[in-house]
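Worksheet: one structure, shown below.
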Amino acid sequence: MGSNITHGHNRRGKRTTEYEIWAGIRARVDNPNGKLYPYYGGRGITYDKAWDDFNVFLEEVGYRPSEGHSIDRIDNDKGYFKDNVRWATRAEQSSNRRNNIIVEGITLKAWCLDRGYNYKTVWRWLAREGKTLDYAKEKGEQLWAKDQPSRGYLAISTVHP
């Protein structure tokens, strides 16, 4: 298995997903000419230099649990390190974005879903029109809440601080 890892962690002549993810991390952080560099290396995101060795990365992070998982930094202001990365689903990743609006400890989208509010409308009120959360609550009650029971989203959400 050693020679396969040295030459790209191959399976049937193709690089594995884990290898491609590892290479992507390094490119985002190290390549100033890369398209994503400004959002990673350009803003100070780094990775554990022990991960220059793919074997160390794979040992610490492990294999991707399913095709629905990708690498995620738990704290988006910190780098790629063993204690700050996880394999996450698309839903988990989308609730862990830097540009999310957090309302009452959860994402605005989860907050709207739980109340039966239209997310895009509430987002517009808060982000574009500068309305307050109290306005959104009052207007949301008038427009939507009485017709739609809670979907119980909060009981199953996994939002990270």
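Contour minus end-to-end for ASP30 and LYS137, with contour as 0.36 nm per residue of separation and end-to-end as the Cα-Cα distance?
Taking ASP30 through LYS137 to full extension adds about 34.1 nm, to one decimal.
Please give the contour-minus-distance gain from GLU129 to ASP53: 0.36 nm per residue of separation, less the Cα-Cα distance, rounded to one decimal in nm.
22.5 nm
In nanometres, what is the gap between the two model label sites at ILE102 and LYS82, each 7 Å from Cα along Cα-to-Cβ?
Once both label points are built, they end up 2.7 nm from each other.
Long-range amide H contacts for HIS69: which residues qualify at under 5 Å (H placed 1.01 Å from N, peptide plane, sequence gap of 5 or more or a different chain)?
Close amide H contacts, sequence-distant or interchain: none at all.
Let me test this: with uniform point scatterers at the alpha carbons of the stretch 13-107, what is the Debye-based log₁₀ I(q)/I(0) at q = 0.18 1/Å?
-0.88
Could you calculate the FRET efficiency of LYS120 with ARG90 from 1/(1 + (r/R0)^6), where r is the beta carbon distance between them and R0 is 22 Å, rounded to 0.05?
The computed FRET efficiency comes out at 0.70.
Check each of the GluC sites (Glu not before Pro) in the stretch 43-88 and keep only those in coil by DSSP with at most 12 other C-beta atoms within 10 angstrom; list them in order.
GLU67
Could you tell me the accessible area of ILE101 in Å² (1.4 Å probe, neighbours in place), rounded to the nearest ten?
50 Å²
The values are calculated or read from the model by the stated rules, or taken from the named source; none is laboratory data. Note that the coordinates shown come from a computational prediction; the quantities given were computed from them, not determined experimentally. All Cβ positions, glycine included, derive from the backbone under ideal geometry; neighbour counts span all protein chains shown. To get the accessible areas, we keep the full protein, side chains included, count just its heavy atoms, and leave off ligands, DNA and RNA. Shrake-Rupley method; radii C 1.70, N 1.55, O 1.52, S 1.80 Å.
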